[in-house]
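The values are calculated or read from the model by the stated rules, or taken from the named source; none is laboratory data. Just so it is clear, the structure is predicted and the values come from calculations on it, not from any experiment. Don't worry about glycine lacking a Cβ; one is built from the backbone with ideal geometry, like all the others, and counts go over all protein chains shown.
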Amino acid sequence: MRHFSPSFRVWHWLNAIAMFGLFITVVLRESVMHKANIGSIVQTKMAELGTIITDEQAVMIGKAVRSPMWDWHIYLGIAVAVLLVARLAMVFKNGFGFDDNAAMQKVYRLYKAVYVLLAVMSISGLALYLKLAGDAKESIETVHQYVGWALFAFIAVHIVGVVLAEKSDQSGLVSRMINGK
């Protein structure tokens, strides 16, 4: 049975919180907090008050309204980047800590791929935030979005895997990830 070090458990849960927050900001941005949705509401309410604003002005207001929420996306993205660097430092110091169990090697390869995706997402996000993308901005945004959705899909698969493990001979995984026992 695999033992999880305290540092790994803290890293895992901090990363989980940050990724959950990122997911929420993306879903909100693409749905109820979409600039066009907010702009439309503002435009309608302003018209009811007798003030007409253009579609462009409404979208500009929509962006301003959701800006504080998007700031959280940036903060959480930076947290994920810092956590990834911390995890890589743990790996260089202690190794990945994966069992030699042949049946688990495919799972562990998937986790290594996730670290690569986290790196791509962090680097692309930082490039966009620091405005280093230049002419490649749209391409980098696309990569960032696809990698983000791939990571969210991994998280869903990860949660299903944990539930299945709890119902198998690997039960106790959640307890070991929380308290180490």
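Data table
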{"item": "Number of the exception - F92 against (1) loosely packed, with under 14 Cβ neighbours inside 10 Å; (2) modelled with pLDDT under 90; (3) of a type outside the set (D, E, K, R); (4) farther than 27 Å from L132 by Cβ", "result": "(4)"}
{"item": "Selection from segment 96-116 of residues that are surrounded by fewer than 12 Cβ atoms within 10 Å (Cβ to Cβ), at pLDDT 80 or above and aliphatic (A, V, I, L, M)", "result": "V116"}
{"item": "Long-range neighbours under 9 Å by Cβ, at least six apart or interchain, first residue farther than 9 Å from K63 by Cα and modelled with pLDDT of 90 or more within segment 25-43, second β-branched (V, I, T) and in a loop (DSSP other than H, G, I, E, B)", "result": "V42/I53; Q43/I52; Q43/I53; Q43/T54"}
{"item": "Residue check, F4 under 30 Å from Y115 (Cα atoms), of a type in the set (F, W, Y), assigned to a loop (DSSP other than H, G, I, E, B) and touching a residue at least 12 places away in the same chain (Cβ under 8 Å)", "result": "yes"}
{"item": "Residues within segment 1-40 that are surrounded by 14 or more Cβ atoms within 10 Å (Cβ to Cβ), over 16 Å from W72 (Cβ atoms) and either β-branched (V, I, T) or touching a Cys at 6+ places or on another chain (Cβ under 8 Å) (or both), tallied", "result": "1"}
{"item": "Subset of segment 71-85 that is surrounded by 15 or more Cβ atoms within 10 Å (Cβ to Cβ) and of a type outside the set (V, I, T) - its residue that is nearest to N37 (Cα to Cα)", "result": "H73"}
{"item": "Residues of segment 22-59 satisfying the condition of being over 30 Å from I155 (Cα atoms), outside any helix (DSSP H, G or I) and out of contact with any helix residue (DSSP H, G or I) (no Cβ under 6 Å at 6 or more places or on another chain)", "result": "L49, G50, T51, I52, T54"}
{"item": "Selection status of L132, outside any helix (DSSP H, G or I), more than 13 Å from the chain's Cα centre (by Cα), of a type in the set (A, V, I, L, M, F, W, C) and under 22 Å from V80 (Cα atoms)", "result": "yes"}
{"item": "Condition broken by G62, with the remaining ones in (1) free of Cβ contacts under 8 Å to residues at least 40 places away in the same chain; (2) within 22 Å of A153 (Cα to Cα) satisfied", "result": "(2)"}
